[in-house]
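Structure first, commentary second.
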Amino acid sequence: MKNEKNSYHKLRFAVRAITTNIGTERRPREKQHAVIVIRNPDSGLEKIHDFTAFIFEVWKTKSFNTMRKNAYNLALFLNFVMEKALIDNWAKLTFEHASLFLNALGDNTYSREGWKEEFTRKASTIRNIERTLSHFYKYLADKKLLLYVKESDFNYQRILKDDKEIFRLLSPFKNVMYPVEERMSNSIHDLKVEFLNTFMDVAISEVPLIALGIYFQLFGGLRAGEVVNVSKSSLQLVGPNGLYGVSITLTKQNFRKKSAIKNPSGGGYVKKPRQQAVFSYGGYLPLLYKRHMKNYGHLHNDALFVLENGQPMNGANYAYYFNKLKKRFLHELSKSEDISTQIYARYLESKKWSTHIGRGMFTNITADMVGSPNELQISRGDSSALSQLSYTINTERLQKKANALLAELHAKLILQQKKENI
């Protein structure tokens with residue numbers, strides 16, 4: 001019995017993504033769902049757990065990101081209960097177990113190992129997880145699955161939202177201590193524009209599989225999940241090989257839906273369908289496009305970004321190659337003879353940043369050029385008002401400004417380095 005008990009407490013909960021068809025045969029429509037699985041780390045076997053029904057019931061009409069966030073919150077709590085061996089049956093859950101867990105998160109006595117790196121012990125984060133658990137306990141109580149918690153143990157707050165009266169579930173957990181001071185974020189969302197050329201050059205030499213995708217992020221503001229779902233048929237090149245830019249039709253598709261359950265991020269997806277302009281800068285685009293199509297264009301009938309085995313990339317694949325780029329980029333900066341560049345390399349090494357850095361850089365570049373917040377929204381693809389006409393007008397004008405600005409910044413960097421090396 002002892003061995004069986006030890007084996008039981010080795011099991012861990014995790015979150016995976018699956019894709020289902022919710023349309024008809026004539027009009028197929030796919031939707032991603034977050035599911036909770038129970039995993040045996042020794043055998044690697046996984047099984048979808050019954051608690052997934054809770055996620056589906058409460059957030060089935062919400063976005064995949066909302067489902068996934070709440071599924072992560074719940075799985076973290078379930079793992080805490082199992083690791084601490086607090087109960088031997090889920091029916092014995094009490095409010096005190098949740099309070100203990102939330103306080104352990106808040107005072108750093110419980111680590112979130114294996115979860116997102118950017119997790120910080122902020123009061124807002126703890127409250128977010130607390131809301132998930134409040135709904136979880138209410139769900140179990142409604143179904144009479146708990147021995148020590150009843151439906152009558154829950155209260156609601158009546159509030160007005162958009163002139164409608166709604167009832168918000170209040171937390172049933174007592175004595176939860178929230179962090180008083182929130183730590184400053186250790187994440188950054190952009191790089192110095194002066195180093196953009198270096199970043200692109202390293203991408204071309206180090207990670208040719210995604211070099212064109214990096215360009216799309218830097219000069220089109222695409223998210224990583226959008227890059228991996230760009231199809232060859234969605235590209236509208238302006239000039240030979242995109243000499244003057246490219247327009248990308250982004251739609252809600254997922255080239256890796258069959259393997260999505262292996263990837264808790266959902267394999268990457270298009271957050272906002274739109275027509276996205278990508279500027280041409282420094283002669284990079286035609287070179288990258290021509291080289292990419294020559295080396296990888298034949299590997300898949302429509303997916304633009306593929307692995308060397310011909311399988312379409314997913315978000316995790318893209319992140320892997322991006323991290324290779326990041327490591328090499330930091331190495332190049334750190335070995336520079338310029339002292340300020342070395343210092344900047346150490347600064348970047350101390351911060352957290354990933355694929356979203358491209359969209360951040362694109363935002364900063366365009367923010368210095370556009371005439372209004374609406375123009376910035378359009379260039380980023382944040383506005384539903386984006387039309388083909390506005391795309392054409394903005395692209396021609398902003399592209400000229402982008403080239404002038406970036407060329408000026410790069411020239412200043414070279415001049416500064418020359419002065420410091422005299």
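None of the figures in this text is laboratory data; all of them are computed from the coordinates on show. Predicted, not measured: the structure shown is a model, and the values here were computed from it. Cβ: placed from backbone, ideal geometry, glycine included. Neighbour counts: every protein chain shown.
Kindly list the residues of region 64-85 that lie in the label zone of ASN323, defined by a backbone N under 16 Å from the point 7 Å along the Cα-to-C-beta vector. Answer for this model: none. Amide H contacts of ASP338 (H built 1.01 Å from N, in plane; Pro and chain starts excluded): no residue 5 or more places away or on another chain comes under 5 Å. For the residue pairs LYS10/LYS351; LYS161/LYS252; LYS122/LYS164; LYS31/LYS84; LYS31/LYS69; LYS92/LYS174, the C-alpha atoms sit more than 27 angstrom apart in LYS10/LYS351; LYS161/LYS252; LYS122/LYS164; LYS31/LYS84. Taking the convex hull of the alpha carbon positions in region 2-169 and averaging its projected area over all directions gives 13.1 nm². Fully extending the segment from ARG346 to ILE18 would add 114.1 nm, taking 0.36 nm per residue of separation and subtracting the current Cα-Cα distance. For region 2-169, the relative contact order is 16 percent, taking Cα pairs closer than 8 Å that sit 6 or more residues apart in sequence and dividing their mean separation by the residue count.
Packing around the peptides 83-89, 332-338, 224-230, 137-143, taken as the average count of other Cβ atoms within 10 Å per residue, puts them in this order, highest first: 224-230, 137-143, 332-338, 83-89. Hey, what did region 140-182 get for relative contact order, percent, Cα under 8 Å, at least 6 apart? Reported as a whole number, the value is 26 percent.
For GLN253, nonlocal amide neighbours, meaning residues 5 or more places apart or on other chains whose placed amide H falls under 5 Å from its own, are VAL270. Please check which bits of region 231-246 a label hung off LEU299 would reach, taking the label as a point 7 Å along Cα-to-C-beta and the cut-off as backbone N under 19 Å. Backbone N within reach: 231-235. Close amide H partners of GLU30, meaning residues 5 or more places away or on another chain with modelled amide H under 5 Å apart, are ILE22. Phi angles across region 155-165 convert, under the Karplus curve 6.51 cos²θ - 1.76 cosθ + 1.60 with θ = phi - 60°, into 3J(HN,Hα) values of 10, 10, 10, 8, 9, 9, 9, 6, 6, 10, 8 Hz, Gly and Pro given as x. Taken one residue at a time, the phi angles of region 123-140 give Karplus couplings (6.51, -1.76, 1.60, θ = phi - 60°) of 4, 5, 5, 4, 5, 5, 5, 4, 5, 4, 5, 4, 5, 5, 4, 5, 4, 5 Hz. Gly and Pro are set to x. Working note: Karplus 6.51/-1.76/1.60 with θ = phi - 60° gives region 348-359 the couplings 5, 5, 8, 10, 9, 7, 9, 4, 5, 4, x, 5 Hz, where Gly and Pro are set to x.
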